[in-house]
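The values are calculated or read from the model by the stated rules, or taken from the named source; none is laboratory data. Computed from a predicted model, the values in this text were never measured in an experiment. Just the protein is used for accessible areas: all its heavy atoms, side chains included, with ligands, DNA and RNA removed. Shrake-Rupley method; radii C 1.70, N 1.55, O 1.52, S 1.80 Å.
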Amino acid sequence: MNCMKHILLLLYLFLFTACDVTQDVRTHVSDTNIACDDLDNINWSNKVSTIATLESCYASHNPALPVSIESRIHVDAMLYLSYIYLSDGQHQDIDRANIILQHAITEMSKDCEKSHGTYDNFCYMVHFKNEEHIPAQFNALKDAMHIYHMSMPCVYPEMLIENPDAIELIGPYFGSSRDTSIPNVCNYFPYHIIDLRAFMELENYSNLENKYSDGPIEGTMRFGTHQGQYQNMIEMLFFPDKKLADNNPDDPYIMVYSIGEEPEPIKTRLKPFESDIRQYPDLNEAYDKMIENTTRHYVDFLHLSPDVAAQYAPITVLSTLYNFVLY
């Protein structure tokens, strides 16, 4: 059955690449490069098309070539393809997934010198084998999640909707500068929704910073802290009902944070912070725009009702801004 499935897939690939490439494009780039270039524009929800693109890119890989920044795209295709084949559903193929993922592991290991290499975090796993286990066999998606956490370039937004556990792939792991290589969200980079960088450049931003911040965290810890803030923002943007479930419905602007093993969670009142934002026209305008963007995201992407979206959006924006200013 699997043999027949892959024969049909190869036939589809032939038709897919043959029909998709114009004569003009052929004069500039090969069919296989087009398939690999399409990884930036993958529609993860269309699995047939996605698998076809990834399989074509995977087939074009030349294992004789050394791993480089330019050739990473082929290994990235292996990672995404094995992820699909390990996932539950009609496309699951554990045997195929293991072949592809073991190939990816071999390729990523090629240039690991001590704990560094093109796939730096994965090379850390190779170097510290006693602490960082690399399975010889992957029987389910959960077995490979740490590999993906250490090697995937980014996580497609639809991956989060399809599998909420994929949020683990963007979480901080090292608490150091290595966390800069932890995946973010592909082509989403939600700063076009909650634009923290533009907010920080506003004239009156320093007034908030002087009041709420003791100064930025210094040293390598800041990378882990920033990745944790990023993950928190993504969780609120994709799973607001779950992320904000512990909030007091009578006063949702009281954020509840559990810190380590502390018996009592920390409660932060965000209304005074919002009042300070409202004092300054530039901050106030940017804040309202972010709420508008977030509301639209909840309605258009998550398909929440406008009323629910309008309820979640200001809390999401305010909490994100508060943590950003604080650290």
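Computed from the Kirkwood radius of its Cα pairs, the Stokes-Einstein diffusion coefficient for the stretch 94-208 at 4 °C and 1.567 mPa s stands at 81 µm²/s. Within the full protein context, the accessible area of His61 is estimated at about 30 Å² for a probe radius of 1.4 Å.
Separation of the stretch 290-306 and the stretch 98-144, taken as the distance between their Cα centroids, equals 38 angstrom. List the lysines whose Cα sits under 21 Å from the Cα of Lys110, skipping any in the same chain fewer than 8 residues away. Once the sequence-local lysines are set aside, what remains near Lys110 is Lys129. Of the residues Arg296, Arg269, ranked by 1.4 Å probe accessible area with the largest first, the sequence reads Arg269, Arg296.
Could you quote the convex hull projected area for the stretch 176-228, Cα atoms only and averaged over all directions, in nm²?
The directionally averaged projection comes out at 4.5 nm².
By the rule of a C-alpha distance below 19 Å, with chain neighbours fewer than 8 residues away ignored, the aspartates and glutamates paired with Lys211 are Glu201, Glu203, Glu274, Asp276, Asp282. When the listed pairs Lys47/Lys243; Lys242/Lys267; Lys243/Lys267 are checked against a 20 Å cut-off, the alpha-carbon distance exceeds it for Lys47/Lys243.
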